[in-house]
Every structure is written in C-alpha cells, then in structure tokens.
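The structure appears below as structure tokens.
Values quoted throughout were computed directly from the atomic coordinates according to the rules given, and no laboratory measurement underlies them. Only a predicted model underlies this, so the values are computations on that prediction, with no experimental measurement involved. So basically every Cβ, Gly included, is an ideal-geometry build from the backbone, and we count neighbours across all protein chains shown.
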C-alpha cells in the first residue's frame, strides 16, 4: 500500500548560488560520526558506496551509474558506484575499490570528505556505508560492461530543483508507513529511488539546509 508523502526538507528555500564544491565542503565539514541504522537484520552483510562529486562551470555535480539489465538484482536502476565489502575490508576501501571496478575511477584521485549515515536494506540485507568523495575535475570513466550500462552526472542544483523530488509512504514487510524517496533526473529517462535516494536525500538535506535530518531507517 502506498500513500503520498511529504515535501523535501529544502523545499521553498533558495538554492545556494553558486552551488559549488565550496558549499558542499563547508556543509559536510560539520558532520559528526555517521549514525547507525535503527534496524539491522540478522545475517546482514557490509556494503559501501561512493558518492563522487566534482565541479564544472561553478556547479557541483554527482556521478551515478545505471546498472545493466543482466545483473542478478536491481537491474537497470540508478545507483552510486559501490558494492559488498570483502571479508575484513574496511567500508571506505570497499567503496573506492568497487568504484574503480565499476567505472574505472582511480582511488588516488578521490578525496573522501564525509561518511554519511549508514542504512539497512531489507531485501538484500546489507548495512550500507555511504562516502562522499571529491574529484579534481570531470573524470575519465570506463564503465564495466558487465555491471554498468551508463555513467551519469547531475548537478546538485538540478537535484534540488522544485519537482525533482517526491516522497511516498509504503508498508514494507513489518515496516509500516516508511518514507520512500524518488528523484526524477533531467531528461525524464532515469529515476533514483531506494537506498540511493535515501543517501541522496540525506546529502542534499545537509548541503541545502545545514541540518542532518532524521536518523536513517530501513528500506
């Protein structure tokens, strides 16, 4: 069962101008340690993703991937590069390694500036650690054709514009009335939702409002 949800925390606020890396750095500099998810399912595995951000023409831009339709799960979805951590591997290392494997992003070019709140995914049973990494400029990427159909980049301004975000309320298994977020990307072809949208919602809340938002919930 789904119901309409609320508006974005940044709705009605003027966007910073410019919305550049300086704004992103300043907002994330004040973050404390990442909060743990309110629910961790039995047998959950550790995973990590990287939210790569770079500046072009004075605007901060985030990199996403569109997953191939041949993967065993989340086919065709838009996500941040990342994946499951290997045994004993720190989440930050996993995020950088997976980003290199998926899109050829050189870890030496990534300056990790923040670790966002961790979250739980119910269907795949992951505890997900998101990291924000600054790049020196638009990267040369090489998508792994077995995992990535396309590499996308979108400005934070477009992600924060009116109409880009919507919220629905879902009853997910034993989790009633959970907020589920959606971001319509420019062009109308791609939609960010699920765990990626939760991470993006947290990031934009911090950058565009200065608040950290509510504790992370499961999805």
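General observations
- Relative contact order (percent, whole number), the chain, Cα cutoff 8 Å, 6+ residue spacing: 28 percent
- GNM flexibility winner over the chain from 112, 78, 53 (Cα, springs under 10 Å): 112
- Cβ crowding within 10 Å, taken as a proxy for footprinting-reagent exposure, orders 100, 202 from fewest neighbours to most as 100, 202.
- Residue among 158, 184, 43 with the largest mean-square fluctuation in a Gaussian network model of the chain, springs linking Cα atoms under 10 Å: 43
- Between 35, 157, 198, the residue with the greatest mean-square fluctuation in the GNM of the chain (Cα pairs under 10 Å linked by springs) is 35.
- In the chain, helical runs assigned H by DSSP with n ≥ 4 each contribute -39500 (n - 2.57); averaged across all residues and rounded to the nearest 500, the mean residue ellipticity at 222 nm is -6000 deg cm²/dmol.
- Distance from the range 106-157 to the range 1-64 (C-alpha centre basis), Å: 11 Å
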